[in-house]
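Enquirer: Take this structure, written in structure tokens, and hold onto it; I'll ask about it next.
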Amino acid sequence: MSDINSYRRKFLGGLAGTAAVATVAPGVFLREVQAKPAGEAVSEKVRWGMLIDINKLDDGGDACIEACKKEHGWGNDPKSNDAQQAQWIRKVKVTEKMTGHEVTLPVMCQHCETAPCVDVCPTGASMKRADGIVQVNKHICIGCRYCMMACPYKARSFVHETIVDQRPDTPRGKGTVESCNMCVNRVDEGKNPACVDAAPQAMLFGDLNDDDSPISQALKKFGGTQIRADLGLNTGVRYWGI
Amino acid sequence: MATQVTFSEVKNNGLGYWGVLGFFGLLVLGGVFAFLHMHEGHYTTGMNNQVVWGIPHVFAIFLIVAASGAANIATIGTVFGQDVYKPQGRLSLALAGSLLFGGLVVLLLDLGSLGHVIEMAKGALNFKSIFAWNMILYSGFLLIITLYNWTMMDRRKIAKKLYKPLGIVNMAWRFMLTMGTGSIFGFLVARQYYDAAILAPLFIVSSYVFGTAIYSLVLMASFKLTGRDLGDIVLNRLRNSMAVYLVLVLFFEMTRHLTNLYATEHHAVEAYILTGDSIFTSLFWYGQIILGSLVPMFLVWCRFFKNNRLAHVTAAVLAVIGGMIQIYVILIGGQSFPLILFPNAEVSSAFFDGVNNAYTATMSEYLLGIGGVGLAVALVIVGMKGLRLLPTSLADDVIDPLNLEKK
Ligand code: SF4
Ligand code: SF4
């Protein structure tokens, strides 16, 4: 394609200069203009993200966790022991060694832009949607757990037993891996993720690629911390107050 | 010279043959039983959401790495033209294929569901994943060693012609395969213990140790049980090379830990493995280093044990155990150390953040792993009966009729 385009460009350019291009072959010219900033074309689409102000979470995130459990039905698998229990979102207490300063924050899948879990997955089950949401396609996940090894945030869980009584919008399956999917089911219906609705005073959900969205505005003004920013994963979940 | 060595199938039809085969068959049955048990779901195992790869993976990785090393015997004969090794090529390759197969079966059955295995075979592959590449490398390896072994066993001209080229392809492929297996860890940037490029070459030298040790054991056992002559020339080559490989592994292990110690962010995990009070520290020092490396080296090189076969067997068994421990410490120890979410801070949660994760394997996990070993050995035993894998004799005067090796 690009060969053809560059051929056309040369050919048409040689013919009568740029002005001629616009008149002789407007379609080609327009495509050229769009194709060049290819990165921007993608970035003009949605990238869903979340901003969490942990100072405003007086319960440290308990309400969010409960809402997530209720929405997706994890966390109460009867046969699994504590270490085998799924955990899509958890409350982490962080105590800085030098100062003793203590904060509590909810940690879930950070919806990395360059997601290690997606890169390592042998079947492509671990995937990132065009809108930035990272999730597992249960149908082709073989349960190898390589993505769990690769995720820096311990965001993923393996389902250790047969699941009964599933939520209609959240299929869970024995022998597959799962993690926070930013409530795709709700987002696709134009709703907020469940955790955001459970703590609206502290959490903001929106399109990071839309400069006018409240989340983009807030991040532009005050920035937002990524956990393990050093890994360069450009996470979709950002924090205030760490 | 070595080219005159003749080969024959195992003729023994008595209790001996079927007894040995039956024993390893029982191990396979144990593995099948374990799989059926784990089919219930992984809650039946000791693996969990913190230690996600367990004993089955230790066995699988060990077998796969060992497979590459076992094929090295054939490589030395073909590519480096060592006559002592040439007649051993067939067994070496048959063993390599069987070990790889055994390891793969364990890896696949650990998925806990045949449906998943079939999905894997149908293969939607993500070519960014080293795992997917490994699947290609493993299947390719099985194909290559089959062809390569055929060039050794067929008398036709075409086979003779392809012998050396395939030997070289096999060597290169093995190199990639072992690197690829080591690289599984290399992609786990956030896991402190795996964040080192040196794991790939470490796996290569380790493969030589595992493969040579297992090969020696299989060679000695099969010759003894089928009443064939096995001379000291062959055995001394094997035991010496195993000891040299052990030195290399120690060297790479030392380099790995020293470079890790050089990087401040890895101090904590190094301290955890090398000086901590966890099981991994004892396993590393007593298991891998002393029992699995130094003692076998002593048994090989101490003059007192010259030509002593019991010492050789013991050394090989210890090297195998040490190798398993090595993989265990890397795999389980590395996962046991918590992920660092916030450097310079202490973290805790209801999901085991900031704690050293415990792992206790259940019986079924061991059975599955051992089943893979059983399968590998059983395949070799069956192979020996169906194919002319074993030389009729590897006595010193067959290997070295001109007495060139004798000092
Ligand atoms: S946080 Fe983990 S599971 Fe989520 S996208 Fe990043 S690597 Fe994948
Ligand atoms: S467990 Fe599933 S999603 Fe994760 S890497 Fe394996 S196949 Fe992919």
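The values are calculated or read from the model by the stated rules, or taken from the named source; none is laboratory data. None of these values were measured; they are calculated from a predicted model. Glycine also receives a Cβ, built like all others from the backbone with ideal geometry; neighbour counts cover every protein chain displayed.
Enquirer: Which of the residues that make up region A:195-225 are in contact (Cβ under 8 Å) with a residue 40 or more places away in the chain and either surrounded by fewer than 19 Cβ atoms within 10 Å (Cβ to Cβ) or assigned to a loop (DSSP other than H, G, I, E, B) (or both)? I'd like the intermediate steps shown before the answer.
Expert: Of all residues in region A:195-225, those in contact (Cβ under 8 Å) with a residue 40 or more places away in the chain come to A:195-199, A:201-210, A:215, A:218-219, A:224.
Within region A:195-225, A:ASP197, A:ALA199, A:GLN201, A:ALA202, A:ASP207, A:LEU208, A:ASN209, A:ASP210, A:ALA218, A:LEU219, A:GLY224 meet the criteria.
Enquirer: Check off (1) out of contact with any strand residue (DSSP E or B) (no Cβ under 7 Å at 6 or more places or on another chain); (2) surrounded by fewer than 21 Cβ atoms within 10 Å (Cβ to Cβ); (3) within 14 Å of chain A (Cβ to nearest Cβ) for B:SER364 and give me the number that stays unchecked.
Expert: Going through the list (1) out of contact with any strand residue (DSSP E or B) (no Cβ under 7 Å at 6 or more places or on another chain); (2) surrounded by fewer than 21 Cβ atoms within 10 Å (Cβ to Cβ); (3) within 14 Å of chain A (Cβ to nearest Cβ), B:SER364 breaks only (2).
Enquirer: Given the criteria polar (S, T, N, Q), surrounded by fewer than 24 Cβ atoms within 10 Å (Cβ to Cβ), more than 12 Å from ligand 2 (Cβ to nearest atom) and more than 10 Å from chain B (Cβ to nearest Cβ), does A:GLN166 qualify? Before the answer, list the steps.
Expert: On the way: polar (S, T, N, Q): yes; surrounded by fewer than 24 Cβ atoms within 10 Å (Cβ to Cβ): yes; more than 12 Å from ligand 2 (Cβ to nearest atom): yes; more than 10 Å from chain B (Cβ to nearest Cβ): yes.
When the stated conditions are applied, A:GLN166 passes them.
Residue by residue, here is whether (1) buried (at least 19 other Cβ atoms within 10 Å of the Cβ); (2) assigned to a helix (DSSP H, G or I); (3) more than 14 Å from chain A (Cβ to nearest Cβ); (4) within 27 Å of the chain's Cα centre (by Cα) holds:
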{"position": "B:LEU331", "(1), (2), (3), (4)": "yes, yes, no, yes"}
{"position": "B:PRO343", "(1), (2), (3), (4)": "no, no, no, no"}
{"position": "B:ASN357", "(1), (2), (3), (4)": "no, no, no, yes"}
{"position": "B:GLY374", "(1), (2), (3), (4)": "yes, yes, yes, yes"}
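Enquirer: Follow-up. Residue by residue through region B:78-92, note down the ones that are touching a Gly at 6+ places or on another chain (Cβ under 6 Å) and more than 21 Å from B:GLY383 (Cα to Cα).
Expert: So in region B:78-92, the residues touching a Gly at 6+ places or on another chain (Cβ under 6 Å) come out as B:78-79, B:85-86, B:89.
Within region B:78-92, B:THR78, B:VAL79 meet the criteria.
Enquirer: Any idea which of B:LEU258, B:LEU246 is under 17 Å from B:TYR193 (Cβ atoms) and at pLDDT 90 or above?
Expert: Numbers: B:LEU246 fails: under 17 Å from B:TYR193 (Cβ atoms).
None of the others qualify; the one that does is B:LEU258.
Enquirer: Could you say whether any residue in region A:116-135 is in contact (Cβ under 8 Å) with a residue 12 or more places away in the chain, closer than 21 Å to B:TYR43 by Cα and within 17 Å of the chain's Cα centre (by Cα)? Before the answer, list the steps.
Expert: At the first step, the residues of region A:116-135 found to be in contact (Cβ under 8 Å) with a residue 12 or more places away in the chain are A:116-126, A:128-135.
Then drop every residue that is not closer than 21 Å to B:TYR43 by Cα, which leaves none.
Taking every residue of region A:116-135 in turn, none turns out to be in contact (Cβ under 8 Å) with a residue 12 or more places away in the chain, closer than 21 Å to B:TYR43 by Cα and within 17 Å of the chain's Cα centre (by Cα).
Enquirer: Here's a follow-up. Could you tell me how many of the residues in region A:133-156 are more than 9 Å from ligand 2 (Cβ to nearest atom) and modelled with pLDDT under 95?
Expert: Residues flagged as more than 9 Å from ligand 2 (Cβ to nearest atom) and modelled with pLDDT under 95 within region A:133-156 amount to 1.
For every residue, the table says whether it meets (1) farther than 25 Å from B:TYR215 by Cβ; (2) exposed (fewer than 15 other Cβ atoms within 10 Å of the Cβ); (3) at pLDDT 90 or above; (4) touching a Ser or Thr at 6+ places or on another chain (Cβ under 8 Å).
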| position | (1), (2), (3), (4) |
| --- | --- |
| B:ALA70 | no, no, yes, yes |
| B:ARG90 | no, no, yes, no |
| B:GLY103 | no, no, yes, no |
| B:ASP110 | yes, no, yes, no |
| B:ILE118 | yes, yes, no, no |
| B:ALA121 | yes, yes, no, no |
| B:THR151 | no, no, yes, no |
| B:GLY167 | no, no, yes, yes |
| B:MET171 | no, no, yes, yes |
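Enquirer: Within region A:42-53, does at least one residue satisfy the condition of being within 13 Å of chain B (Cβ to nearest Cβ) and either in contact with a helix residue (DSSP H, G or I) (Cβ under 7 Å, 6 or more places away or on another chain) or of a type in the set (Val, Ile, Thr) (or both)?
Expert: Going through region A:42-53, the residues within 13 Å of chain B (Cβ to nearest Cβ) turn out to be none.
No: zero hits.
Enquirer: Would you tally the residues in region A:97-117 being surrounded by fewer than 22 Cβ atoms within 10 Å (Cβ to Cβ) and either within 16 Å of ligand 2 (Cβ to nearest atom) or assigned to a loop (DSSP other than H, G, I, E, B) (or both)?
Expert: Total satisfying the criteria: 7.
Enquirer: Still on this structure, I have one more. Against the definition (facing another protein chain (nearest Cβ under 7 Å) and touching a residue at least 24 places away in the same chain (Cβ under 8 Å)), how does A:GLU161 come out, yes or no?
Expert: Working: facing another protein chain (nearest Cβ under 7 Å): yes; touching a residue at least 24 places away in the same chain (Cβ under 8 Å): yes.
Yes; evaluated as a whole, the condition is true for this residue.
Enquirer: With the checklist (1) under 27 Å from B:THR314 (Cβ atoms); (2) more than 19 Å from the chain's Cα centre (by Cα) in hand, flag the one item B:LEU261 doesn't pass.
Expert: It fails just one condition, (1).
Enquirer: Does any residue of region A:226-239 turn out to be under 17 Å from the mean Cα position of the chain (by Cα), within 15 Å of ligand 1 (Cβ to nearest atom), surrounded by fewer than 21 Cβ atoms within 10 Å (Cβ to Cβ) and among the polar types (S, T, N, Q)?
Expert: yes
Enquirer: As an exercise: evaluate B:MET135 against (1) in contact with a Pro (Cβ under 6 Å, 6 or more places away or on another chain); (2) of a type in the set (A, V, I, L, M, F, W, C); (3) without any contact (Cβ under 8 Å) to a residue 60 or more places away in the chain and give the number of the one condition it does not meet.
Expert: B:MET135 satisfies all of (1) in contact with a Pro (Cβ under 6 Å, 6 or more places away or on another chain); (2) of a type in the set (A, V, I, L, M, F, W, C); (3) without any contact (Cβ under 8 Å) to a residue 60 or more places away in the chain except (1).
Enquirer: For region B:53-64, state whether one or more residues are part of a helix (DSSP H, G or I) and surrounded by fewer than 23 Cβ atoms within 10 Å (Cβ to Cβ).
Expert: no
Enquirer: Related question: In region A:128-151, how many are facing another protein chain (nearest Cβ under 9 Å), under 25 Å from A:VAL187 (Cα atoms) and buried (at least 18 other Cβ atoms within 10 Å of the Cβ)? Walk me through how you get there before you give the answer.
Expert: Step one: list which residues in region A:128-151 are facing another protein chain (nearest Cβ under 9 Å), which gives A:139-146, A:148-151.
Next cut, under 25 Å from A:VAL187 (Cα atoms) only: A:139-141, A:148, A:151.
Checking the rest, the ones that are also buried (at least 18 other Cβ atoms within 10 Å of the Cβ) come to A:140-141, A:148, A:151.
The qualifying residues number 4.
Enquirer: Return the residues of region B:101-151 that are polar (S, T, N, Q), in a helix (DSSP H, G or I) and within 12 Å of another protein chain (Cβ to nearest Cβ); say none if nothing qualifies.
Expert: Kept after step one, since they are polar (S, T, N, Q), are these residues of region B:101-151: B:113, B:126, B:129, B:134, B:139, B:146, B:149, B:151.
From the residues that got through so far, the ones that are in a helix (DSSP H, G or I) too are B:134, B:139, B:146, B:149, B:151.
The answer is B:ASN134, and nothing else.
Enquirer: Residue by residue through region A:143-178, note down the ones that are on the phi > 0 side of the Ramachandran plot and within 16 Å of ligand 1 (Cβ to nearest atom). Outline the logic, then answer.
Expert: Our first condition is that a residue be on the phi > 0 side of the Ramachandran plot; within region A:143-178, this holds for A:143, A:145, A:154, A:165, A:175.
Across region A:143-178, the qualifying residues are A:GLY143, A:ARG145, A:LYS154.
Enquirer: Among the residues of region A:188-241, write down those that are of a type in the set (Val, Ile, Thr) and within 14 Å of chain B (Cβ to nearest Cβ). Write out each step before concluding.
Expert: Taking region A:188-241 and keeping what is of a type in the set (Val, Ile, Thr), we get A:196, A:215, A:225, A:227, A:235, A:237.
Matches in region A:188-241: A:THR225, A:ILE227, A:THR235, A:VAL237.
Enquirer: Okay, moving on. Within region A:171-181, is even one residue away from ligand 2 (no atom under 16 Å from the Cβ), surrounded by fewer than 22 Cβ atoms within 10 Å (Cβ to Cβ), at pLDDT below 95 and not in a helix (DSSP H, G or I)? Talk me through it step by step, then tell me what you get.
Expert: Filtering region A:171-181 for residues away from ligand 2 (no atom under 16 Å from the Cβ) gives none.
No, there is no match, as no residue in region A:171-181 is away from ligand 2 (no atom under 16 Å from the Cβ), surrounded by fewer than 22 Cβ atoms within 10 Å (Cβ to Cβ), at pLDDT below 95 and not in a helix (DSSP H, G or I).
Enquirer: Restricting to region B:277-323, and then to whatever is in contact (Cβ under 8 Å) with a residue 24 or more places away in the chain and outside any helix (DSSP H, G or I), can you tell me which residue is farthest from B:HIS257 (Cα to Cα)?
Expert: Let us first name the residues in region B:277-323 that are in contact (Cβ under 8 Å) with a residue 24 or more places away in the chain, namely B:278, B:280, B:283-284, B:287-289, B:291-293, B:296-297, B:300-301, B:307, B:309, B:312-313, B:315-323.
Checking which are outside any helix (DSSP H, G or I) leaves us with B:278, B:307.
On the way: B:SER278: 17, B:ASN307: 35 Å.
The selected residue is B:ASN307.
Enquirer: Further question: Counting only residues that are closer than 30 Å to A:GLY232 by Cβ and acidic (Asp, Glu), which one in region A:57-115 is nearest to the other protein chains (Cβ to nearest Cβ)?
Expert: Going through the qualifying residues, I end up with A:GLU96.
Enquirer: If I filter region B:193-212 down to residues being within 21 Å of B:PHE280 (Cα to Cα) and assigned to a loop (DSSP other than H, G, I, E, B), which single residue comes out as modelled with the highest pLDDT?
Expert: Taking the candidates together, the pick is B:ILE198.
Enquirer: OK, next. Check whether at least one residue in region B:66-83 is among the aliphatic types (A, V, I, L, M) and over 23 Å from B:LEU394 (Cα atoms), and report yes or no.
Expert: First, pick out the residues of region B:66-83 that are among the aliphatic types (A, V, I, L, M): B:66-67, B:70-71, B:73-74, B:76, B:79.
In the following step, the residues that additionally are over 23 Å from B:LEU394 (Cα atoms) were identified as B:66.
Yes: one or more hits.
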